[in-house]
Amino acid sequence: MGLRALVGIEGADGTYLARHVQHDGCPTMVVPALSVLLHDLCDHNAETAVATLLHSDWSRLYALPATGPTGRLVGVPSEGREPQVGNIAETPAGDREWAYLFGAHRLHVYLGVLPERGPKRWRAWACWSVGELPSLTQLDLLDVQKAGYAVQWQASGYRQYMAAVRAAFREGAR
């Protein structure tokens, strides 16, 4: 699994415009990259940062430490389709695990979670003001990431359990 993600912008009504990240789309990789992009490379200008993100799909998006107090963004763009448009409450997550959407001076993080039935749905998972992104530690992000994976495993297990229960009731009804 490539730990796929979306990165982009979210409107107040929940609609989003986003690009695909193919590999390493987990919070410990993507959030530091978005922080470096926004604060170091785009001089705190969210519009410029989002324009950079929406320029192409990404194979990987991550930050490498550099000498001095800031890192630099290392993005591996990939050929892609047009940016994806959807509504976070209505559009299924598909094969993506995470979504990182800038909106209203905040970075909203969503987790793709399987419900009991139907396609994977987005669940609001974390939210930070763009100003606090540089102060987030890897431990902070790892806590968010580990808790997200625990919820995904639990939801997947519950879905399998309920499918087995339904199958057993169908067998018992014969």
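The values are calculated or read from the model by the stated rules, or taken from the named source; none is laboratory data. Note that this is a predicted model, so its numbers are computed, not measured. Virtual Cβ from ideal backbone geometry, glycine too; neighbours counted across all protein chains shown. Note: accessible area is taken over every heavy atom of the protein model, side chains too, but ligands, DNA and RNA are not part of it. Shrake-Rupley method; radii C 1.70, N 1.55, O 1.52, S 1.80 Å.
What are the ³J(HN,Hα) values, in whole Hz, obtained from phi via the Karplus relation 6.51 cos²θ - 1.76 cosθ + 1.60 with θ = phi - 60°, for each residue of segment 117-128 in sequence order, with x given for Gly and Pro?
Each residue's phi maps through the Karplus curve to give 9, x, x, 4, 10, 7, 10, 4, 10, 8, 7, 9 Hz.
How big is the dipole moment of the chain about its Cα centre under a simple scheme where the beta carbon of each Lys and Arg is +1, that of each Asp and Glu is -1, and everything else is neutral? Debye, nearest 20, please.
840
I'd like to know how segment 22-174 sits against the 2.2 N^0.38 Å rule of thumb: what's its Cα Rg over that expected value?
Against the compact-globule rule of thumb, the ratio is 1.24.
In Å, what Kirkwood hydrodynamic radius results for segment 18-60 from the alpha-carbon pair distances?
When all Cα pairs of segment 18-60 are included, the Kirkwood radius is 10.6 Å.
Given a 1.4 Å probe and every protein chain left where it sits, what share in percent of the accessible area of the chain is carbon and sulfur?
In the chain, the share of accessible area belonging to carbon and sulfur is 57 percent.
Sort SER135, SER59 by heavy-atom solvent-accessible area, probe 1.4 angstrom, most to least.
Descending accessible area places them as SER135, SER59.
How much accessible area does ARG60 have with a 1.4 Å probe, in Å² rounded to the nearest 10?
80
Just the number please: accessible area per residue for the chain, 1.4 Å probe, all protein chains included, in Å².
54
Run the helix sum for the chain: -39,500 (n - 2.57) per DSSP H stretch of 4+ residues, divided by residue count, reported at 222 nm to the nearest 500 deg cm²/dmol.
My calculation for the chain gives -10500 deg cm²/dmol from helical runs alone.
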